[in-house]
Amino acid sequence: MECQTRLDHVVINVRRDMDPAEALCRSLGFTITPRGYHSLGSINHLMMFDTDYFELIGVPKVGTTKRADLITAPLGINGLVFKTADVDDTHAHLVALGIAGEPPRAFSRPVELDGVTSDAKFRTVTVRPDVFSAGRVYFCEHGTPDLVWRPEWQGHANGAMEIAEVVVVAEDVPSVAAEYAKLVEGEVVVLRGGVRAIDVADTRLTFRTPHGYREQYGDLASDMGGRDSIFGALVFRTSSLALVAGILEGLPNQPPATIGPEGIVVRLAEYDSVLEFIGPEE
């Protein structure tokens with residue numbers, strides 16, 4: 001049975017370092033949306049694709065914040081977000097699975113387009129935080145998708161078109177993959193080397209052991225940091241690996257990276273995150 005769940009976005013937590021994180025992602029050839037200010041107290045920038053997006057989230061550099069959870073959460077990839085058309089129905093699904101976290105909540109952020117400011121509106125519902133130790137897993141209902149998916153934000157100098165894969169690293173791959181499969185109502189497939197995978201519409205979730213992850217990414221891999229699971233990498237499909245390679249080679253301060261014919265891997269050391277770029281589907 002084909003999985004009906006779709007990826008909405010993936011989040012990197014940058015805490016109070018939004019300015020350098022924004023500059024770094026811009027230098028890698030991403031088009032960055034204007035800074036957003038959530039009614040919950042967090043700030044963000046987005047990198048929009050056709051149906052999903054990549055988000056930097058943090059809090060203002062000075063002052064108190066209502067999002068103390070972002071200060072205490074690990075830096076790096078810490079949010080995996082799926083789409084929902086109705087968070088109330090999704091909450092009922094999470095309750096039935098026995099993994100529901102906080103009840104649904106609504107929030108917004110102002111968006112200015114052509115001199116007119118409107119509120120982009122969202123409702124989210126979370127999985128209980130002890131279920132997936134890699135980070136926050138939740139569902140998002142977009143009340144105003146026309147204020148988020150804008151054509152002027154969807155083209156990128158690095159050719160990035162979509163999030164093709166999210167790499168989950170886990171000590172117990174079979175068990176963790178099975179839990180995600182229940183969440184998204186998908187099917188686990190066993191790949192070469194014991195890697196598990198779940199296809200969530202156009203995005204693949206892959207599950208690797210720490211050893212397999214280190215073999216895949218070498219010195220660019222993130223450390224487990226004492227956790228039994230982490231989000232190990234985001235994989236972007238690009239229209240041209242040559243575009244990505246050209247951007248990297250032109251940077252005065254190139255981040256740690258490997259450039260090969262099958263893909264390009266970049267480590268965002270300041271945010272303990274791994275980004276991989278792969279070419280278009282053949």
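The values are calculated or read from the model by the stated rules, or taken from the named source; none is laboratory data. These numbers were taken from a predicted model, which means no experiment stands behind them. Ideal geometry is used to build each Cβ from the backbone, glycine not excepted, and the neighbour counts take in all protein chains shown.
For the range 101-140, the set of residues classified as touching a Ser or Thr at 6+ places or on another chain (Cβ under 8 Å), polar (S, T, N, Q) and not in a loop (DSSP other than H, G, I, E, B) consists of SER108, SER118, listed by residue number.
Within the range 210-227, is even one residue at pLDDT below 95, farther than 22 Å from GLY135 by Cα and out of contact with any Lys or Arg (no Cβ under 9 Å at 6 or more places or on another chain)? So far as the range 210-227 goes, no, none of its residues is at pLDDT below 95, farther than 22 Å from GLY135 by Cα and out of contact with any Lys or Arg (no Cβ under 9 Å at 6 or more places or on another chain).
A single member of ALA201, ALA178 is in contact (Cβ under 8 Å) with a residue 60 or more places away in the chain, farther than 23 Å from ALA21 by Cα and hydrophobic (A, V, I, L, M, F, W, C), and it is ALA201. A count restricted to the range 75-100 and to residues that are in a loop (DSSP other than H, G, I, E, B) and either over 23 Å from LEU56 (Cα atoms) or modelled with pLDDT of 95 or more (or both) stands at 5. Within the range 33-67, the set of residues being in a loop (DSSP other than H, G, I, E, B) and within 15 Å of the chain's Cα centre (by Cα) comprises PHE49, ASP50, THR51, ASP52.
One line per residue, one yes/no per condition, for (1) out of contact with any strand residue (DSSP E or B) (no Cβ under 9 Å at 6 or more places or on another chain); (2) surrounded by 19 or more Cβ atoms within 10 Å (Cβ to Cβ); (3) aliphatic (A, V, I, L, M):
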| residue | (1), (2), (3) |
| --- | --- |
| GLY135 | no, yes, no |
| GLU141 | no, yes, no |
| LEU147 | no, no, yes |
| ALA157 | yes, no, yes |
| SER175 | yes, no, no |
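Among the residues of the range 152-160, is there at least one that is part of a strand (DSSP E or B), more than 27 Å from VAL127 (Cβ to Cβ) and modelled with pLDDT of 95 or more? Among the residues of the range 152-160, at least one is part of a strand (DSSP E or B), more than 27 Å from VAL127 (Cβ to Cβ) and modelled with pLDDT of 95 or more, which makes the answer yes. How many of the residues making up the range 203-247 are surrounded by fewer than 18 Cβ atoms within 10 Å (Cβ to Cβ) and among the aromatic types (Phe, Trp, Tyr)? Total satisfying the criteria: 0.
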